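Before any comments, here is the structure.
The values are calculated or read from the model by the stated rules, or taken from the named source; none is laboratory data. Please read these numbers as outputs of a predicted model, since none were measured by experiment. Neighbour counts are summed over all protein chains in view; Cβ atoms, including those assigned to glycine, are modelled from backbone coordinates with ideal geometry.
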Amino acid sequence: MSPKLRKAILRQIGLQAFLLLVTAVVMFPVLWVVSMALDPRNISRPNELQLIPPGASLESFRVILFEPFGLTREGIYFGTLLKNSLVVSLGTAVMTVALGASAAYAFSRFRFIGRQVGMLSFIILLMMPSTGTMVPLFVLMSRIEIGGEQLRRTLFGLMIAYASSALPFAIWNLKGYFDTIPKELEEAALIDGASLTGAFFRVILPLSLPALAVTILFSFMSGWTEFMMAWVFLEDPERTTLAMALRSISGGGQHSAPWSEFAAMSILMSLPVLVLFFLFQRWIVSGLTVGGVKG
Amino acid sequence: MAAIAKIHGSHREGLSKAVRQNLLAWAYIAPSALVMAVITFYPQIYQVWMAFTDFGAANIRPENPPDFVGFRNFVRILTNDMPAIQYYDFGRLLLFNVVWTVSNVFLHVVLGVAIALALNAKGLLFRRVYRVIFVIPWALPSYITALVWHNMFDQNYGAINLLAAKVNDLFRGTFLGAAYGPTADWLSQFTWTPIYSGLPERTNWLSGAVIIPIDFLPFLPLAFYAVLIANTWLGWPFMTVVATGALQSIPYELYEAAEVDGAGKWRQFWSITLPLLRPAMVPAIMLGTIWTFNQFNVIYFISNGEPQGMTEILVTQAYKIIQQYQLYGLAAAFSIVVFFILLIITLINNYVTKATEAYDVA
């Protein structure tokens, strides 16, 4: 064996050892959750470290999906929680992307009075901690009544609150992406007789699909896993979101469930996010770096 | 801006065009500006007003306005004049928040870049498999990750202590496990012993009792190391992804040229890799700093500020002022204080970046 080859093999072994160690550390919590979820013995806590516990089954998934949660007296089903979470997250995503795209386009393409003040205020808002938006929204939405009910206590109110905190980042990010699209493309469309609005819809938006997808994904995810505001704003147990329910059964509280059920629900909630993330991964990376750097 | 004005030919033409542009721009912004004015800007202004009042739960009804108290909220926050709030100490909160941010971002960047370098090594096998696996901690929602880590640090049945037991079992009877024995609360009487006596299996990671593992850092309890481990687990992949992108854009010819000139691997790393990584890493570090500074989920759901508020950061404290104590005016003032701290950090960050910009090769 030539010394060069031997050196290459040793180097490969070293790299593989290092990366396998990292893999082990990354996978440890994931495997822990999977093994907890599969544990059928209906013990409240595992007492040994095993990947596949004896007699593994999907019982805990069945319980989470089809048995009621004890959050109300009558019990509340996974379907209801899922519906609440979807309403809030999808609503937030649609609202954020629709409002964000039009504003970001103007900030990217026009020079108008108030532009710099506007951009500056978005940066400032990005630095405001989420608890900062939470207090005034809590008070203001408590005062608005819709159909004899405080707006704050409704899912629609929660959606507004999430969109409020998601918008500054969305506009900032989309504007950064629009900046990278050459102006000549729109000008060509205008010469071909398209209106400016037409050019925006038929040229800019299709080209910005990556940035739009990232905006939708991020605002969807913030609604999907947000706990802070939901916990303080909502009062009606029928409006509990998945995130709130997960925390309730995660232990400590009066509704704590066996760990196997907590693990099963964590997996059910993570899977869609994981799938979306891997689908959009390339765009997320480019979107974050482009939007972040450009002024 | 000035340059644009110059391009527009005659003054009058430029003016009318500017007006038209302004109108069009505002037409585009109008819907989102209107909604944002109502749901984002107005609440922020309202918050500033609230910060100067003694707004409490009773004042939510509009017919019962709060009293104007001037700067009293701010003074109380900064002088620790808050008898109602348990374990409140602004200096401690700020110090811990800064230590938390710096130690995390440092670990994320070092680990992130090191792993990115390994992933980028020439001729590496299974590169794609590793890439997919290593993104998982970033892709998982931090909220769920935090709840899972809280569970893993459980004293009796948590994965961390079970793992320690497993390792001890593995070494039992070997020379390493010669002095093996159960060592509860091992970390509270931390001393360096020459004999390996087994890992502590019953470590009380998140207990209410104050356990200080490292004597000369008396303000960092064991729970700090627990949240640091958890947040490092979920924080480094972002840095790896950013660094990988930058590494791939470094032309291989640069290294070949350096090799011809006789530069060793170490020299190549310092003179080529690091300077070319820098432009991509700086914004990522800024973003990471702001995220970590306000990392609510990890702190709130894993240690919840225990023991005795020693691992509380500013946002979790702000949340407790709202959720537990319902002191809305005080919470508004607190959020403004946090905002100014973040602003100062960003400005310092910016300044340091600008000051070292000449270092850029690209």
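Before moving on, here are some points about what is shown:
- Members of the stretch B:215-232 found to be buried (at least 18 other Cβ atoms within 10 Å of the Cβ) and among the hydrophobic types (A, V, I, L, M, F, W, C), listed by number: B:LEU220, B:LEU222, B:ALA223, B:PHE224, B:ALA226, B:VAL227, B:LEU228, B:ALA230
- Lone unmet requirement of (1) modelled with pLDDT under 85; (2) part of a helix (DSSP H, G or I); (3) at the interface with another protein chain (Cβ under 8 Å from one of its Cβ atoms); (4) over 24 Å from B:ILE344 (Cα atoms) for A:ARG111: (2)
- Output for the stretch A:200-247, where each listed residue is within 11 Å of another protein chain (Cβ to nearest Cβ), within 12 Å of the chain's Cα centre (by Cα) and more than 20 Å from A:THR80 (Cα to Cα): A:LEU217
- Counting only helices (runs of 4 or more DSSP H) that fall entirely inside the stretch B:246-314 and contain at least 2 residues that are more than 22 Å from B:ASN120 (Cβ to Cβ) and in the same structural domain as B:LEU94 (by TED's automatic domain parsing), the qualifying elements are B:274-293.
- Remark: pairs (first residue in the stretch B:319-339, within 9 Å of chain A (Cβ to nearest Cβ); second residue charged (D, E, K, R) and not in a helix (DSSP H, G or I); Cβ separation under 9 Å; 6+ apart in sequence or on different chains) = B:GLY329/B:ASP54.
- Test: residue in the stretch A:143-154 that is within 30 Å of A:ILE249 (Cα to Cα), in contact (Cβ under 8 Å) with a residue 12 or more places away in the chain, more than 7 Å from chain B (Cβ to nearest Cβ) and out of contact with any Lys or Arg (no Cβ under 8 Å at 6 or more places or on another chain): yes
- The stretch B:20-72, residues that are among the small types (Gly, Ala, Ser) and part of a helix (DSSP H, G or I): B:ALA25, B:ALA27, B:ALA30, B:SER32, B:ALA33, B:ALA37, B:ALA51, B:ALA57, B:ALA58
- Long-range neighbours under 7 Å by Cβ, at least six apart or interchain, first residue under 12 Å from B:LEU343 (Cβ atoms) within the stretch A:119-135, second among the aromatic types (Phe, Trp, Tyr): A:LEU126/A:PHE169; A:LEU126/A:TRP172; A:MET127/B:PHE339; A:MET128/B:PHE339; A:PRO129/B:PHE339
- Number of the exception - B:LEU347 against (1) within 11 Å of chain A (Cβ to nearest Cβ); (2) within 19 Å of B:GLN47 (Cβ to Cβ): (2)
- Filter result (hydroxyl-bearing (Ser, Thr, Tyr) and facing chain B (nearest Cβ under 10 Å)) within the stretch A:163-185: A:SER164, A:SER165
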